[in-house]
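Q: Dumping the structure here so I can ask a few things about it.
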Amino acid sequence: MKIFNTLTRKKEEFVPVQEGKAGIYVCGPTVYDFIHIGNARPMIVFDTLRRYLEFRGYDVNYVSNFTDVDDKIIKRANEQGVDSTVISEKYIEECKKDMEALNVRPATTHPQATKEIPDMIKMVQDLIDKGHAYEKNGTVYFRVRSFPEYGKLSHKNIDDLESGHRDEKHALKVSGESEKEDSLDFVLWKPMKEGEPFWESPWGKGRPGWHLECSVMSKKYIGGTLDIHAGGEDLIFPHHENEIAQSEAANDTTFANYWMHNGFLKINNEKMSKSLGNFFTVRDICKKYDPQVLRFFMLTAQYRTPLNFSDELMEVAKASLLRITNAAKSLNDVVTSDKKDGAAFDDTAKEELNSYIKKFDEAMDDDLNTADAISAIFELVKYSNTKIKEGITSEYASKLYETLKTLSDVLGLKCEVKEEILDADILALIEERTAAKKNKDFARADAIRDELLSKGIILKDTREGVKWQRV
Ligand code: AMP
Ligand code: ZN
């Protein structure tokens, strides 16, 4: 597979550190509110990367953090008069609900900054000991000039950056506010302010800087050199540049081999963001559209290209997705009809089917080109519809159905046809479950609950008896 590496600005063949394994770290959201659909873009595209690598046989260790200590969280907590953990825990749970709706699989590990403080203090101390960091009045700064490769990811030159900072530096020096050795230096540890959460450290009460979190957590949960580090393109500078500086200065090893950055989700050609106020939450969009439509929409563009959000494009996505699920349904009908007449799944059919899989793989191998991968799926849909019209056996239909389902699943799209269950059958099963419970046959009762769940039926035991609903 080829990946466009921000570090080299080239598409490069993906060669993992350890054969057959992939360690991926994706910067996660700051949890102070519901996520917006711009935040959902990296979640969806890098979940798709993970799914594709697994499809190709890789054992993937996928780590994505929640930033749960931050100015915005503290501000929100103070406004509401609650502890900042009340805010962060609430929005972590809400974010996980959105992820589930979008079929974004939970990460192997979702570390939280506040739960990793001792390791953060250790990295700061290591950096001080090695001369890469210094403390001033309770703040610890990273000494950017001590890391000559600073700027290699964002392709910025230290001297240019310095001159950009010169005016600011001069102003700060004159006002006597600056305690930094150099205006480029950034914060690793900041001292506590009144009303803020804090942890004890060798430099007094305080909390870690944002960049430090990711360096520490990726090291802890993946270790060594990461295969892939990913996030939105707004994170290239300074966040990822600073992560590289901290990690490579502390660990004396390459931090990450491949850097992948998604383009922005825009609205009216402007980046969707909280601060501009031009955002829609995932929760809001999912009131109007099936979350699968949002996921499909995100994948209609290759992840590096900017993507404009609009109702028209969501309607197109909705109709396109329906074409796939309709084809799956038609195929499933042939499969379940146990049809023996019609064209058989011979070598030519096998070859034809493989050509669509090949097209799909080639698209995904080319820097995760999901737009072209979707085109390959549509070609398969068209082929399937034609073949059904011409007449095929159930075996043939089942091969097409399985392939359509597998390729859709790599993109995280569900086109599986759920077995329909009639209300009368549901009621009969509920009755059987109640009887089983009465007879203390809890295994059978649980099995019935699971069987119904697999068909999309949820049971609720209430005082008025068992209630059920379709999901
Ligand atoms: P934040 O909570 O702002 O740190 O963002 C979490 C993730 O969402 C980061 O990887 C950001 O780069 C990404 N992100 C934020 N806004 C957008 C957007 N409009 N389009 C694409 N990605 C975004
Ligand atoms: Zn990060």
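Q: Hey, rough spin-label estimate for residue 357 and residue 467, points 7 angstrom out along Cα→Cβ, what's it come to in nanometres?
A: 4.6 nm
Q: Are any of the pairs 97/190; 96/136; 274/467; 2/389; 193/271; 156/180 more than 29 Å apart by Cα-Cα distance, and if so, which?
A: Flagged as over cut-off: 97/190; 96/136; 274/467; 2/389; 193/271.
Q: Let me ask something else about it. Cα convex hull of the range 261-399: mean projected area in nm², to one decimal?
A: Answer in nm², one decimal: 9.9.
Q: Taking amide hydrogens as modeled 1.01 Å from N in the peptide plane, which residues meet the under 5 Å criterion relative to residue 230, leaving out close sequence neighbours?
A: Residues meeting the amide H criterion: 25, 26, 27, 260.
Q: Under the rule of at least 5 residues apart or a separate chain, name every residue whose amide H is placed under 5 Å from the amide H of residue 60.
A: 22
Q: Moving to a separate point now. Could I have the simple spin-label model distance between residue 199 and residue 220, label points 7 Å from Cα toward Cβ, reported in nm to one decimal?
A: 0.7 nm
Q: Å³ per residue of the Cα convex hull, for the range 285-327?
A: Convex hull of Cα atoms, per residue: 67 Å³.
Q: If you count, for each residue, the other Cβ atoms within 10 Å and average over each peptide, how do 424-436, 245-257 line up from highest to lowest?
A: Result, highest mean first: 245-257, 424-436.
Q: Okay, next question. Which order do the peptides 324-337, 81-94 take when ranked by the mean count of other beta-carbon atoms within 10 Å per residue, highest first?
A: Per-residue mean Cβ counts within 10 Å order the peptides as 324-337, 81-94.
Q: Report the Stokes-Einstein translational diffusion coefficient (µm² s⁻¹, integer) for the range 351-439, Rh taken as the Kirkwood radius over Cα pairs, at 37 °C with viscosity 0.692 mPa s.
A: Here the translational diffusion coefficient equals 211 µm²/s.
Q: Relative to the first principal axis of the alpha-carbon coordinates of the chain, what is the inclination of helix 442-454, with its axis defined by its Cα atoms, in degrees from 0 to 90 and to the nearest 10?
A: Once rounded, the angle reads 90 degrees.
Q: Could you grab the Rg to Rh ratio for the range 1-81? Cα atoms only, Kirkwood for Rh.
A: A ratio of 1.11.
Q: Arranged from highest to lowest average of other beta-carbon atoms within 10 Å per residue, in what order do the peptides 186-196, 154-164 appear?
A: The densest-packed peptide leads the list: 186-196, 154-164.
Q: Step by step: find N for the chain, compute 2.2 N^0.38 Å, then divide the Cα radius of gyration by it. What's the final number?
A: Against the empirical 2.2 N^0.38 Å value, I get 1.15 for the chain.
Q: Run lengths n ≥ 4 of DSSP H only: what is the helix-derived mean residue ellipticity at 222 nm for the chain, with -39500 (n - 2.57) per run over all residues, to the nearest 500?
A: Here the helix-only value at 222 nm equals -16000 deg cm²/dmol.
Q: Report the percentage of all Cα-Cα pairs in the range 1-152 whose separation exceeds 23 Å, rounded to a whole percent.
A: 55 percent
Q: Using a cut-off of 13 Å between beta-carbons, work out the net charge of the residues near residue 427 (Lys and Arg +1, Asp and Glu -1, residue 427 not included).
A: Every neighbour counted, the sum reads -2.
Only the coordinates and a few stated rules stand behind these numbers; no lab work does. Please read all numbers here as calculations on a predicted model, not as lab measurements. As a convention, Cβ positions derive from the backbone with ideal geometry for all residues, glycine included, and neighbour counts pool all protein chains shown.
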